[in-house]
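Here's the structure, in structure tokens; my notes come after.
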Amino acid sequence: MNKPVLHVFRNTPFGRETLLQSAYLCRRLKLSLSIYLPEFKRFLFYFDPDVVQVDLDTSYLSDPTSAQGHVREILAIHQIEYRLVEPKGKSASDLPDLPIHFSVMTCPRSMSDDTRKIALGHIGSKVRRIVQAAPFPIYIPAPVFKPWTRLSVLYGGSDSAAGALRLALKIQQLSNAPLQIFSQGDREELVSRLLKQGFAQQQIEGFDWHFWNEGDITQQLYSLPHDGLVMLGAYGKGTLREALFGSTMEKVQSALPNSLMVVGPKCRWVTGA
């Protein structure tokens, strides 16, 4: 994890809060920051073999003359190294192609809908599409700046969840943040899954692992630390098999104000690439 964090800047008060979240993430993980100041309402990612078009809402283009100044003001406080992202080219006159070589991408819960209309428990379709195709994890910050001081991993047995746990262990090394794992289901079965996914028995025995009772997961979420960065895998089989986009995870989102770090099925932490 030595590449920059990608942030698409929204020049609004909501965008300021999201940039503060990215700056905090970079400081904790000792990463630089790459900022894209959009000139158009859409851009492309060329993921192999997928191509994802991202459509932005109009607030991303508001007051472009002040955007760079606002970025400098926000990041000067945190002393974060950053550079502006230049598109690699254009697939059309108003459709720039962005690079994809990043450690993490910061996305608000929606990029294509007016922020004021997005409920806490809803992820926009474009953000879902990026999660599904991207080779890097997606950081979905809380709506306003909220520092995290620990890591909370939701593990249900899927390969994507195992990728989230691998990423959490790496973040723990970089940030020295305490790590807890939360699961629902049979411990022996989940231990067996972890062993098959490449974790060592001694390593598993050292985990701070908490098991929830069966039932409505919403009632269990109160035990997640309020200052935890919630790490999870999107898609895959397991107790949390619906992962990010099914009914189970919509409950998680609607009940939690925490920031999320989401590992999708094409993410390097899952594929090992």
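No value in this document is a laboratory result; all are computed from the given coordinates. What you see is a predicted model, and the numbers here were worked out from it, not measured in a lab. We place every Cβ from the backbone using ideal geometry, glycine too, and count neighbours over all the protein chains shown.
Structural remarks
- Working note: 222 nm ellipticity from helices only, DSSP H runs with n ≥ 4, each -39,500 (n - 2.57), summed and divided by the residues of the chain, gives -9500 deg cm²/dmol to the nearest 500.
- For the stretch 1-55: rounded, prolate or oblate by the Cα gyration tensor [a/c cutoff 1.5]: oblate
- Partners for residue 90 among aspartates and glutamates (Cα-Cα distance below 14 Å; same-chain residues under 8 apart left out): 39
- What you get for the stretch 150-271, charging only the Cβ of Lys and Arg (+1) and of Asp and Glu (-1), is a dipole of about 500 debye around the Cα centre.
- Greater than 18 Å apart at Cα, pairs in 170/196; 41/126; 3/30: 170/196
- Kirkwood analysis of the Cα pair distances in the chain returns a hydrodynamic radius of 18.9 Å.
- Unit charges at the beta carbon, dipole of the stretch 5-140: most positive-side option, 56, 137, 35: 137
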